[in-house]
1. Can you give me the C-alpha center-to-center distance between segment 289-352 and segment 456-475, rounded to a whole angstrom?
2. Over segment 170-285, calculate the relative contact order: mean separation of alpha carbon pairs under 8 Å at least 6 apart, over the residue count, as a percent.
3. Near K419, which lysines are there with a Cα under 24 Å away, not counting those fewer than 8 places off in the same chain?
4. How many angstrom separate the Cα center of segment 386-454 from the Cα center of segment 139-195?
5. So what's the angle, to the nearest 10 degrees on a 0 to 90 scale, between helix 441-474 and the longest Cα principal axis of the chain?
6. Under the rule of at least 5 residues apart or a separate chain, name every residue whose amide H is placed under 5 Å from the amide H of N284.
7. Evaluate the relative contact order of the chain (contact order divided by residue number), counting alpha-carbon pairs under 8 angstrom at least 6 apart; express in whole percent.
8. For segment 90-101, in order, what is each residue's ³J(HN,Hα) by Karplus, 6.51 cos²θ - 1.76 cosθ + 1.60 with θ = phi - 60°, in whole Hz (x at glycine and Pro)?
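Where a number appears in this text, it was derived from the coordinates with a stated rule and is not lab data. Please read these numbers as outputs of a predicted model, since none were measured by experiment. FYI the Cβ positions are ideal-geometry reconstructions off the backbone, even for glycines, and counts take in every protein chain you see.
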Amino acid sequence: MALWGGRFSDAPADAVFALSRSIHFDWRLAPYDLRSSLAHLEILESSGLLDKSVASQIQRALKELVTEVASGKFQPIASDEDVHSALERGLTEKLGETGGALRAGRSRNDQVATDLKLFAIDHMITLANSLTELQSALLNKAKEYADAPAPGFTHMQHAQPILFGHEIAKHVHAFSRDLDRISDWLKRTSVSPLGSGALAGSSLPLAPEKTAKSLGFASNSANSIDGVSDRDFVAEALFISSMIGIHLSRIGEEWCIWATTEFAWARVADAYSTGSSIMPQKKNPDMAELARGKAGRLIGNLTGVLAMLKGLPFAYNRDLQEDKEPLFDSFDTLALVLPAVTGMVASTEFDREKMLQAAPLGFSLATEIADFLVRAHVPFSIAHESAGKCVALCERTSRQLHELTDSEFASIHPSLTSKVRDVLTVDGALESRTTRGGTAPSALATQLKELSVELSSKAKEFSSAQKAFHAMMGA
Ligand code: ARG
């Protein structure tokens, strides 16, 4: 059903209709469109623009549509241009001309911005909840391996020993920042565009502050032109999704490396691995690879929308119809990736013995020698140089650092007494890194405790946000 046409003598050409149509992707906005219609109806009624009896007729029809859309009984048809026209057709089929009454004081411009915001808020909260599940899988793994030494890397080269729980826990922090971004986004996005009309507000006695409240927004747009043209919330949501995708891709890369025969640290559960169609022996970390690969698509969605918005004149322009598919795709993509990565993380076992054996390799304890000298008041530049000489001597003579003799140590630096051997153990190196955020067992225990507290408060925050949103939708 067309929502316009009075001033046209010809129907749109087929090509025009085909390009204009968005119903094949925006139909999923239907529940949000119906909910905002109910809020709009309330105002039309309370302001006296609609008789009580007409308003309650429309309300009944809208509520029927809510059920029929959910059950699939009411479906869009080929001639519907978009979700708004399809639903107005639904109302008109039920109520005749009265079905068109709801359009008073409202334009598709403020309507679509409102629908998309509600959709985005709903999906962002769901995303946050799945993220907390991944975080808790990571945190459990971190706790499981809180006492397992492993080599730590910089530049992909052995650097200093770490506890493997510390290695895993870092990902929980990255996702925590994503959750903070989501909380922040939810606050900033809590502005209702409804009431902005086409662009200039309305001459009818509407109360956009009230519709905003009834839809769970903190306020309504203070500028109607901005109200209909602001898509910052889409761009920001896509950035947040991309950042989450990037964090997932870094987990994916680590898992791929740790699962190689060369490393053989990670044993990914069969249920989260895939085989090869030709090589029967293969067990591939495809979930990790897809987690890594999907980041590209998430970034693509973000850059597509940013490019569409760049230079766009303010108020509504049809270009804005291009905001939906990338946003839908990013939420859909993460809804697929997150449970798979969560399962992969939860079901992976690591080879403690292998990691322990590898921890001191690559002279990863050389920093301990330098720090030992610093504690003996040797300037760090000289301490660094001396530790380097120890490494060079070991390399020349194919030995490990603790295998140097007392006289060799003393000849490199007089302060290198035999006591230096006490720090030349993986455990010693780990124990000493007690600064906040360091890898020492005591520091890690504090870190994991803090993470548990933070995680449960975030999980509470987003599950109550979800409850509140569902209550608003059902009201
Ligand atoms: N389908 C359109 C969109 O997604 C709805 C708004 C149409 N507004 C208009 N003035 N043509 O943006």
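1. First find each Cα centre; the distance between them is then 23 Å.
2. Working: 102 pairs, mean separation 24.9, N = 116.
Normalised by residue count, the contact order of segment 170-285 is 21 percent.
3. K389
4. Between the Cα centres of segment 386-454 and segment 139-195 lies a distance of 26 Å.
5. On a 0 to 90 degree scale, this one is about 10.
6. T274, G275
7. Working: 660 pairs, mean separation 82.5, N = 475.
Relative contact order for the chain comes out at 17 percent.
8. Going residue by residue, I get x, 5, 5, 4, 7, 10, x, 4, 3, x, x, 5 Hz, with x marking Gly and Pro.
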